[in-house]
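The block underneath contains the structure these notes are about, expressed in structure tokens.
FYI, it's all coordinate maths here, none of it is from the lab. Remember, it's a predicted structure, so these values are computed and weren't measured experimentally. Every residue, glycine as well, gets a Cβ built from its backbone with ideal geometry; the counts of neighbours run over all protein chains shown.
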Amino acid sequence: MTDKERVSLLVAEKKDMAVKLSKDIWNYAELSYKEEKSARAIINVLKKEGFSMQEGIAEIPTAFLAKAVVGSGKPVIGFLAEYDALDGLSQMAGQTEKCPVEGTRNGHGCGHNLLGAGTVLAAIATKEYLEQNGLNGTVALFGTPAEEGAGSKQFIARDGWFDDVDFFYTWHPHSLNSVSAIGSVSIMGANFRFSGTASHAGSAPEQGRSALDAVELMNVGCNYLREHIIDQARIHYAYSDAGGTAPNVVQDHATIKYEVRAPKVNQMQELFARVVNVAKGAAMMTDTKMEYEITMAFSDYVANRTLAPVMDAVLSEYGAPEWSEEDYETARKFLRTYPKTTLMGIKDEMKALFPDSNPDEVLTRPLHDGILPYDPKETRYQSGSTDVGDAGYVVPTVTAYIATACLGNAGHSWQNTAFSASEIGIKGMLRAAEVMTLSSVRTAQMPELIEKAKREVREKNGGRYVCPLPDYTKPPIDTY
Ligand SMILES: [Zn+2]
């Protein structure tokens with residue numbers, strides 16, 4: 001039997017457990033840092049499989065580390081499970097029209113129920129593979145909540161929990177199958193709090209110092225700043241305290257929330273420092289005081305160039321999930337729920353992705369049945385952000401994207417919530433478990449490759465991981 005066949009057998013043996021786990025987490029649909037039932041369900045499964053457990057790591061109640069030591073315990077094979085849902089994306093399973101579940105607003109619109117259960121399945125299959133084949137290693141699965149919120153992996157990294165992990169193979173539900181070299185950008189969020197002096201705006205305006213004016217001047221300054229930043233950077237803001245509702249009182253307090261994105265973490269930090277200078281200028285102009293507090297930050301994610309070809313080769317060996325005629329029919333039904341303009345955009349996307357095919361024909365069977373090639377020369381970033389980036393600044397990390405939804409499907413949508421409980425989603429999850437397991441057991445037997453991958457990380461982080469968050473920023477468990 002080949003290693004691939006052995007892995008498939010192990011995954012098939014535990015399939016029912018993983019399907020049930022993914023459906024339970026889908027039903028719980030718990031938001032960031034509140035994933036108590038979801039984390040408990042995963043912990044119970046892993047304990048039963050002989051993993052030891054450390055709960056509440058990095059001061060996050062729903063984060064944990066599950067470990068299984070086989071033989072000498074080296075290398076340390078890491079896995080990252082996510083299990084948080086999103087607000088406003090509730091959707092009934094199996095419904096191809098928008099139809100929220102009564103009594104909840106939450107839904108798994110990013111498929112983290114599949115992500116979590118598939119990763120648990122890979123960790124268990126990897127442990128069994130090591131045991132059955134006389135190999136050594138520690139399987140370390142980290143429960144990492146709140147990926148959709150303020151994250152958890154950067155806090156876990158900051159506390160040193162990732163330090164002895166040798167590599168992470170991860171996955172994310174998608175509409176396409178690939179080990180992509182396209183990165184995710186870094187991000188930092190902060191509250192800027194201005195305080196001034198209240199007074200009667202009509203009879204004693206000269207005594208007032210307006211915090212609201214300061215916030216408005218900060219926004220004007222940042223809007224001028226936009227012309228002088230790199231193309232891929234972003235500056236977002238939202239008022240969280242506009243100072244009150246009375247125009248006849250000079251507002252003595254106001255708070256604005258900023259988020260800054262740029263491809264690399266150092267580019268993001270440089271831009272953030274410029275935003276802070278604008279805030280200082282606004283305070284000076286208005287004779288108010290400004291304090292800021294960093295609330296969240298993720299480093300950029302870029303696939304480890306040494307290990308990505310290993311996972312890419314494994315994904316190509318397995319190929320896409322095997323879709324049935326019924327799956328294609330379901331996919332077609334969902335595709336039809338998109339508005340006309342969105343469908344036109346999807347068609348253009350298909351032309352770019354599959355230049356040799358007729359896009360109309362591609363969309364009559366709208367499930368990805370191939371693997372997009374891995375391109376090591378790729379330097380682009382997509383504009384989203386993920387805390388997997390911070391794992392990648394400590395440990396060689398590669399993510400596979402596996403189809404769990406129809407071609408053109410958008411993440412964070414009610415359609416995606418429905419796909420995450422469908423047969424299509426389950427097939428993608430099982431394929432992902434096979435790909436992560438085979439990549440992990442092969443890499444575990446290549447110590448020189450692991451060393452090379454770790455050297456790549458040291459070159460990237462300058463020798464050690466530096467968390468983009470200041471020490472004072474704690475996981476915002478009840479506030480985010
Ligand atoms: Zn996600």
In this structure, the FRET efficiency calculated for GLU322 and HIS228 from their beta-carbon separation, with R0 = 45 Å, to the nearest 0.05, is 0.30
Using only Cα atoms, locate the centre of segment 453-480 and the centre of segment 346-393, then give the distance between them in Å, rounded to an integer. 28 Å
At what distance in nm do the modelled label points of GLN207 and VAL249 sit from each other, each positioned 7 Å from its Cα along Cα→Cβ? 1.5 nm
Where the eigenvalues come from the Cα gyration tensor of the chain, what are the semi-axes √(5λ) of the equivalent ellipsoid, largest first, in whole Å? 41, 27, 22
Compute the relative contact order of segment 186-297 as a whole-number percentage, counting only Cα pairs closer than 8 Å that sit 6 or more residues apart in sequence. 46 percent
Linear extension gain, ASN27 paired with LYS333, 0.36 nm per residue minus alpha-carbon span: 107.9 nm
Using alpha-carbon pairs under 8 Å, 6+ residues apart, how would you state the relative contact order of the chain in percent? 23 percent
Could you state the number of Å between the C-alpha centres of segment 43-79 and segment 184-207? 45 Å
Going from the fewest other Cβ atoms within 10 Å to the most, one would list ARG158, ARG380, ARG305 as ARG380, ARG305, ARG158
Let me check I've understood the local charge: for VAL275, count other residues with C-beta under 13 angstrom from its C-beta, Lys and Arg +1, Asp and Glu -1. What total comes out? +4
Under Karplus coefficients 6.51, -1.76 and 1.60, residue-wise ³J(HN,Hα) of segment 178-184 in Hz, glycine/proline x: 6, 9, 8, 8, 6, x, 10
So who's got an amide H within less than 5 Å of the one on THR170, skipping anything under 5 residues away but keeping other chains? H placed 1.01 Å off N, in plane. VAL398, THR399, ALA400
Using the reciprocal of the averaged 1/r over all distinct C-alpha pairs, how large is the Kirkwood radius of segment 186-297 in Å? 14.3 Å
Between LYS347 and GLN54, what length comes free when the chain is fully extended (0.36 nm per residue of separation minus the Cα-Cα distance, one decimal in nm)? 100.7 nm
Inter-label distance for GLN269 and THR96, nm, one decimal - labels placed 7 Å from Cα along Cα-to-Cβ: 5.1 nm
With each label point set 7 Å from Cα along the Cα-Cβ vector, what nm distance links ARG40 and ILE182? 4.0 nm
May I ask you to sort HIS236, HIS228 by Cβ crowding, counting other Cβ atoms within 10 Å and putting the fewest first? HIS228, HIS236
Can you compute the FRET efficiency between ASP369 and TYR239 using 1/(1 + (r/R0)^6), with r the Cβ-Cβ distance and R0 = 35 Å? Round to the nearest 0.05. 0.15
Name the residue farthest towards the positive end of the dipole of the chain from the options SER195, GLY319, ASN266, assuming +1 on Cβ of Lys and Arg, -1 on Cβ of Asp and Glu, about the Cα centre. ASN266
